[in-house]
1. Is the shape of region 151-255 rounded, prolate or oblate, going by the alpha carbon gyration tensor and its root eigenvalues a ≥ b ≥ c, with a/c under 1.5 for rounded and a/b larger than b/c for prolate?
2. Please compute the alpha carbon radius of gyration of region 64-213, then divide it by the globular-protein estimate 2.2 N^0.38 Å. Two decimals is fine.
3. List the aspartates and glutamates whose Cα lies under 19 Å from the Cα of Lys299, skipping any in the same chain that are fewer than 8 positions away.
4. Quick one: which residues, 5 or more positions from Ser307 or on another chain, have an amide H under 5 Å from its amide H? H modelled 1.01 Å from N in the peptide plane, none for Pro or chain starts.
5. Skipping prolines and chain starts, which residues have an amide H placed within reach, meaning under 5 Å, of the one on Gln45, given they are 5 or more residues away or on another chain?
6. Could you rank the peptides 88-97, 62-71 by their average count of other C-beta atoms within 10 Å per residue, with the highest value first?
7. Past 25 Å, Cα to Cα, is the threshold; run Lys70/Lys175; Lys183/Lys243; Lys77/Lys305; Lys66/Lys175; Lys70/Lys183 against it and keep the listed order.
8. I need the peptides 41-54, 296-309 ranked by packing, meaning the mean over residues of other C-beta atoms within 10 angstrom, with the highest value on top.
Amino acid sequence: MKHFHLLFLAAALSAAMSVRAAPAVDIEIDAGRPGAVINKHLYGQAVGQSGAGIWVGPDSTIPNIKGWRKDVVGALKALRVPLLRWPAGCVAEEYDWRDGVGARDGRPAPLLPRGAGGANNNALGTHEFFELVELLGADAYVNGNIGTGSAREAAEWVEYMVADGASTLAQLRAKNGHARPYKLAYFGVGAAPWSCGGNMSAQYYADLYNQFAVFIRGKVDQPPRLVAAGDGADWTAELSTKKRIRDYRFDISAHDDAAAPGGAPAPGAASAEQQWIAVLQRTLRVNNFIDSNVAVLDKNDAANKMSLALGDWGGADARAPQRQDALGD
């Protein structure tokens, strides 16, 4: 399984299951025998576009650090969160990055996509997100807009984030408070193109990815790794063929919300334990999902240039993408 460099694996699933007595188990640990290497990015997290529950703003009466709740920052530091993705989900497919830079009191307040919930005044934008990333010492994964956005917008956003001082957009970034380029590890070309990102076919998206990749990579000297948004083995097959992605292939993010059907149990539900057990049972399907995608990559990518990602995996609304480069193959 050489292609199982699992990126942005999300397993945000908490189980409230009762503890039962179990027979004693003996465990022998051989410290001299190295085991499989699990990349730290397996434990990454995602931040919603408006930062609901985390972002309160620097003027809030809630104790905060640069607008981020102080208690949450402390908890995330304790967890050593290695990677943060923003903005997440369908909201990313309608996000205009220019609405989230400059003075916060002058930013537009657009409606959020249907079903996103909450309020959005764009107070949380590019600079605020990277402040959290820097507070935590994490790597940054920014998700681009391929649904309502353009290749030019995506390329200019990357330029704004990572270009040096000679760039006009880098000068705008400096004017907005950050002269040094940000460290951007990954840039997602779309979030969910098969659904809320435009109801695209794999073939149509593959061509769009190719177009976006050309201009994003051509805009800056050191572009981030690009992440293609896939939906399963059929999308992986299309995205991994040389004729479609050519030399711009990095990571293919498959999505499998295996535990999602039925959602999390309602608080106080009589059958909460049984519901959680069912959710956990459904998560086991992810093994077959991974195997089917890896088989496609083993066939189509003999040079092993691409990595498989699980952009979303989990249950209910707890779906945050994370990265892991190796899970022991």
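The values are calculated or read from the model by the stated rules, or taken from the named source; none is laboratory data. Note that the coordinates shown come from a computational prediction; the quantities given were computed from them, not determined experimentally. So basically every Cβ, Gly included, is an ideal-geometry build from the backbone, and we count neighbours across all protein chains shown. Surface areas here come from the heavy atoms of the whole protein model, side chains and all, with no ligands, DNA or RNA. Shrake-Rupley method; radii C 1.70, N 1.55, O 1.52, S 1.80 Å.
1. Working: a/c = 2.62, a/b = 2.20, b/c = 1.19.
Prolate, because a/c is 1.5 or more and a/b exceeds b/c.
2. Details: Rg = 15.7 Å, N = 150, 2.2 N^0.38 = 14.8 Å.
Against the compact-globule rule of thumb, the ratio is 1.06.
3. Asp231, Asp234, Glu238, Asp247, Asp251, Asp291, Asp329
4. Asp251, Ile252
5. Placed amide hydrogens put Leu83, Leu84, Arg85 under 5 Å from Gln45.
6. On the way: 88-97: 22.3, 62-71: 15.8.
By packing density, highest mean first, the sequence is 88-97, 62-71.
7. Working: Lys70/Lys175 27 Å; Lys183/Lys243 31 Å; Lys77/Lys305 33 Å; Lys66/Lys175 18 Å; Lys70/Lys183 23 Å.
Those over the limit are Lys70/Lys175; Lys183/Lys243; Lys77/Lys305.
8. Values: 41-54: 20.4, 296-309: 17.9.
Top of the packing list down: 41-54, 296-309.
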